[in-house]
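For reference, the structure discussed in these notes is given below.
Values quoted throughout were computed directly from the atomic coordinates according to the rules given, and no laboratory measurement underlies them. Owing to the predicted nature of the structure, the values given are computational and were not obtained by experimental measurement. Please note: Cβ atoms are built from the backbone with ideal geometry, for glycine as well, and neighbour counts cover all protein chains shown.
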Amino acid sequence: MSPEAAAARPVDGAGQRGTLIAVVGPSGAGKDSLMAYARERLGGDPAVLFVRRVITRPATVAAEDHDTLPIDSFLAWQAAGSFAVTWQAHGLHYAIPASVHRHLAAGGVAVVNGSRAALPAIRTAFGRVMVIQVTCRPEILAARLAARSREDPQTQQARLARTVAAVETGADVVEIDNSGDLAISGRAFLAAVRRYMNDGRLENR
């Protein structure tokens, strides 16, 4: 599989009543911050599942809350059908667990930190998908990337150039500008999630 390529397992799916919300956007736009904002307010609601991705990197305080697997275990789990979607980016392997299908089949909403390159595979793997595209003004994004000091300036510039060119459009895409106050963009994010919370009439609520 080439870098940024993605693969999806065929949907068993008839029966999916809930919606998968894929949160996408460039590194530094604040996807993790918005998801944390929503999790603090909705995490106790059984209708909403905040998905823990599986990634072949160690968990750190500064990174998203995820499950970690070494590459050999990741590939074994993938071969065993434990993942609904997998993709590669920045030298790492990422996956959405297949167990998410159970929550969606019951009518719930699942929120996952996705990838723009993986969206075709995510749409293939899940019957109902809504995309929240988190954007940020270029000068704000550049400042955030520089402040994190994770990459050299050349890599940051290349990332910014890709960001300008990569914008998702479509009826299933909601754009949220996270350039300013997190409380403002957080409320917009919450509203987008809540719009789908009762669509599937989650069983046993």
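Stretched out straight at 0.36 nm per residue, the stretch from Arg102 to Ser33 would grow longer than its current Cα-Cα span by 22.2 nm. Provide the FRET efficiency to the nearest 0.05 for the Glu139-Asp45 pair, computing r from the beta carbons and using R0 = 35 Å. According to the calculation, E is roughly 0.45.
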